[in-house]
């Protein structure tokens, strides 16, 4: 078994063995081998037979796996957005969860199934060998990393009655680390197949495809996968409205994504700010919203000294929803402490969020009027430029007075902690945005505006003593709406779920 990578993080291993089915195709026969897939110290290819014997690897033809990696390299390692907004913990879980509640309309069901099948074809290694019950490892881009996820609910066994031992999981690792393991494993496998006459031509084709990923990658194609394929249509609409020739379309998309084809990028392409913005909007991005988002990036003013830099820290979120919320709470508490703000005090006066705190940090607040009412806010930061916290005046929540404050606190979290590998931020807050980042930012915003000590200072000690006047007063003092206040009180353990629902109705 030749192993590539680190079993404790991510590793692929293979060895060629005789094919038990001598009647198979020549390419399958010569590429038959044993495969090991390791993620975070777990062997995804380990299984146990009906008689209790343990199998440490899968026995499969390796050629289709190499071909799948080579042909799906760009979308597999650069596309983030799932076909539907999701609360699932990873791509693999979504592929199962999206089938739990199906659309009633046949046309909608067909679209879902088609989108799911296309997604799996681009991201799930099991799609390379659908008849072999290969562990269904999914790979997709998440900011600066690659999400590795697997879920056995759709199939629980591989041939010969062997049940897989690893049911489900999700891990995020640095993108280059994952890419190097995939590349080295694929090159090594193709090199061994080159020695056989039956697979020499195939091996050479794979060498060419894989070599192109390293030597002549297309930043335009990669960043279009990151931004979403809908960008092409939106850019086409912009060109048509502006009277530009259709042959300028690629140049238009290239300009929108802020890229130059002459730059060398290697196995993985870092995401530009526009690519990060466009990947977190709904796929039906209108040409008008495309223009407004592009202008927001292009018109950022330069700024040399920036107080925000003293507090910024690249901090990728964990995969656990509970841990993500806790992380958001802790970061809000620590941030207030770093600014020496008494935790029992609301953000008023010189610490008022919009009038004092954000300007003190050098953050510009900009209003947008977008056609997509699902967008509440956006956060944009580029080194050497003024950071921007945007508020959508047509947003579902941000159009209200208190929703605006929550939106700005939410975007502040993005600007502080969601830096990419290029030391940049580009996030549009809406149901299509990366869910983990949104969950953490929601928790940060709630704790920033409503610290536990402030709640205890404002409200009577026992929730049984609370009146509507008490809660309305807390909302006014803290500058939050009833939904934000009730959810936060429930999350902190002040009230039960039933009490929360009752107060939401009463208020």
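List of remarks:
- Candidate set: the stretch 445-467, residues that are under 33 Å from the mean Cα position of the chain (by Cα) and assigned to a loop (DSSP other than H, G, I, E, B); chosen: the one nearest to residue 348 (Cα to Cα): 450
- Residue 21 being in contact with a strand residue (DSSP E or B) (Cβ under 9 Å, 6 or more places away or on another chain) and outside any strand (DSSP E or B): yes
- Residues being surrounded by fewer than 18 Cβ atoms within 10 Å (Cβ to Cβ), in contact with a strand residue (DSSP E or B) (Cβ under 9 Å, 6 or more places away or on another chain), assigned to a strand (DSSP E or B) and not assigned by TED's automatic domain parsing to the domain that holds residue 88 are represented in the stretch 366-381 by at least one member.
- Matching entry among 426, 390, 403 (being outside any loop (DSSP other than H, G, I, E, B), out of contact with any helix residue (DSSP H, G or I) (no Cβ under 8 Å at 6 or more places or on another chain) and under 21 Å from residue 366 (Cα atoms)): 403
- Failed item in (1) free of Cβ contacts under 8 Å to residues at least 60 places away in the same chain; (2) more than 27 Å from residue 174 (Cα to Cα); (3) touching a helix residue (DSSP H, G or I) at 6+ places or on another chain (Cβ under 7 Å), with residue 258 passing the rest: (2)
- For residue 305: the one exception among (1) surrounded by fewer than 13 Cβ atoms within 10 Å (Cβ to Cβ); (2) in a loop (DSSP other than H, G, I, E, B); (3) modelled with pLDDT of 95 or more: (3)
- The lone exception for residue 39 - which of (1) touching a strand residue (DSSP E or B) at 6+ places or on another chain (Cβ under 6 Å); (2) over 15 Å from residue 148 (Cα atoms); (3) crowded, with 22+ Cβ neighbours inside 10 Å it fails: (2)
- Some residue of the stretch 315-329 being within 14 Å of residue 427 (Cβ to Cβ) and either without any contact (Cβ under 8 Å) to a residue 60 or more places away in the chain or touching a strand residue (DSSP E or B) at 6+ places or on another chain (Cβ under 7 Å) (or both): yes
- Whichever residue in the stretch 334-344 is surrounded by fewer than 17 Cβ atoms within 10 Å (Cβ to Cβ) and in contact with a helix residue (DSSP H, G or I) (Cβ under 7 Å, 6 or more places away or on another chain) and, among such residues, is farthest from residue 442 (Cα to Cα): 344
- The set of residues from the stretch 149-168 being surrounded by fewer than 20 Cβ atoms within 10 Å (Cβ to Cβ), in a strand (DSSP E or B) and at pLDDT 80 or above comprises just one member, 168.
- Selection within the stretch 85-106 - under 18 Å from residue 229 (Cβ atoms) and surrounded by fewer than 17 Cβ atoms within 10 Å (Cβ to Cβ): 85
- Residue 267 out of contact with any strand residue (DSSP E or B) (no Cβ under 8 Å at 6 or more places or on another chain) and assigned to a helix (DSSP H, G or I): no
- The condition of being closer than 29 Å to residue 393 by Cβ, at pLDDT 95 or above, in a helix (DSSP H, G or I) and not assigned by TED's automatic domain parsing to the domain that holds residue 174 holds for only one of 408, 437, that being 408.
- Count of residues meeting criterion [over 15 Å from residue 168 (Cα atoms), part of a loop (DSSP other than H, G, I, E, B) and touching a strand residue (DSSP E or B) at 6+ places or on another chain (Cβ under 8 Å)] in the stretch 134-148: 1
The values are calculated or read from the model by the stated rules, or taken from the named source; none is laboratory data. Predicted model only: the values in this text are computed from it and were never measured. Every residue, glycine among them, receives a Cβ derived from its backbone with ideal geometry; neighbour counts consider all protein chains shown.
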